[in-house]
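Everything below concerns the one structure shown next.
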Amino acid sequence: MKKFVMVALGGTLAGVVATTQIAGPLIAQENANSASVYQQLDLFGDVFERIRAQYVSEVDEADLIEAAIKGMMSSLDPHSSYLPPRDFDDMQVQTRGEFGGLGIEVTQEDGFVKVVSPMDGTPADAAGVEAGDFITQVNGESLLGLDLNQAVELMRGPIGSEIIITVVREGEDEPFEISIIRDTIKLTAVRARTEGDTVVLRITTFNDQTYPNLKSGLEKAVEEVGGMDKVNGFVIDLRNNPGGLLTQAIRVSDAFLESGEIVSTRGRDPEDGDRFNATPGDLAEGKPVVVLINGGSASASEIVAGALKDHRRAVVVGTKSFGKGSVQTIMPVKGEGAMRLTTARYYTPSGRSIQGLGVSPDIIVEQPRRKPDTDEDEPKRPTSRSESDLRDSISNDSYTEEERRQIEEDREIAEQAAKLRESDAQLAYAIDVLKGLSALAPKN
């Protein structure tokens, strides 16, 4: 018994010694880190005072502090930034769907300003700006060395004024200039239309109007086709959609899912993680869905594509998406400004982060570059001929007039599809996928 007590006491003593040896250095290290932080803050104060007192010309103290804050935020990642009151107001207007500018979403990569995507129907889109373009100059002034906010500030200007940007594009040997006239950007979050028996839902951004526009546009398009029984499927076009509100991405995903996880977010503290699940109700009523993505599909677009792909609710067609898998939280700060801080990464239902990797399509379809218009004087090749074009060919009397009319309608639809392939190969491919799925579906 005495031996047991001695062993127990010895174990307790060893535990106390070990705890002291481990905890002691940790506390000392923490105190050292705190001291180091205060030393750095003293250094900042010293530099600030010397600039204010000895710089060659008088400086505004508020501008110095704002520049320091911007520098601190921009050193974290391309998406964290400080928003002065004016920028904060602009951002709030943009999420409501109307603002002034060029109509491009940009980020910074290796010190260069990169176009994530041009927005549909905007001056930048009309001028030919493409996802992946690098903007190197604005009105002859180089952007190299500027942070993203400074570069964006150079691109701002009065509505109706001209801006000339210098662009470097993959596949082009030399930089070239694009002239754009600034305008008020009115974003229609969702445009719905029909292509034959297919409903195409073009989602350009994720703002407060996205889900309401999606629901009303879908219902109207289905009604135009003649009811859900006449629809062979839906195409959700997310190409060149730079993202937007996380809440809207969740609602759009939920619109086509009956259950299951849509997306999860994980922050620095495990307790700050969140998971968002679908609720019963599918606007498409189980009809096949194809999602179109490309390198300009980012953030909220990738949440939707990833969720529908992981649940095998949609076939994803196109090219790899942008790969922005982080969540930014807008935090108001003193002085009526705000900070946009990256606070979490998001994960698809399969638990995969797409940060830097993007969503890979199930079927890779490249969009061919537009070919220059052919010379009108160039002789056109003769169209193909068929048996019915031959003189005195035997007529086909095995079809009724109604059946002949149906054949002609089907041929016209096929010819329209061929024209679509020339103007939008990726969308045409998506529609072909839905036709194939519809043909294989069991008949009621």
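The values are calculated or read from the model by the stated rules, or taken from the named source; none is laboratory data. Since the model is a prediction, treat every value here as computed from it, not as a measurement. FYI the Cβ positions are ideal-geometry reconstructions off the backbone, even for glycines, and counts take in every protein chain you see. Accessible surface areas use protein heavy atoms only, side chains included; no ligands, DNA or RNA. Shrake-Rupley method; radii C 1.70, N 1.55, O 1.52, S 1.80 Å.
The table below gives the values:
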item	result
Anisotropy class of segment 280-335 from Cα gyration tensor, a/c 1.5 cut	oblate
Fraction of beta bridges assigned by DSSP in segment 262-377 that are antiparallel (%, nearest 5)	70
Listed pairs 230/324; 215/320; 70/114; 320/435 exceeding 30 Å between Cα atoms	230/324
Segment 158-289, accessible surface, carbon-and-sulfur percent (1.4 angstrom probe)	43
Residue-normalised accessible area of segment 271-339, expressed per residue, 1.4 Å probe, Å²	42
For residue 292, net neighbour charge (Lys/Arg +1, Asp/Glu -1) across residues whose Cβ lies under 11 Å away	0
Whole-number accessible area per residue in Å² for segment 37-78, which is evaluated in the context of all protein chains at 1.4 Å	82
Beta bridge orientation in segment 124-247: antiparallel %, DSSP, nearest 5	75
FRET efficiency estimate (nearest 0.05) - Cβ-Cβ, residue 271 to residue 48, R0 35 angstrom	0.45
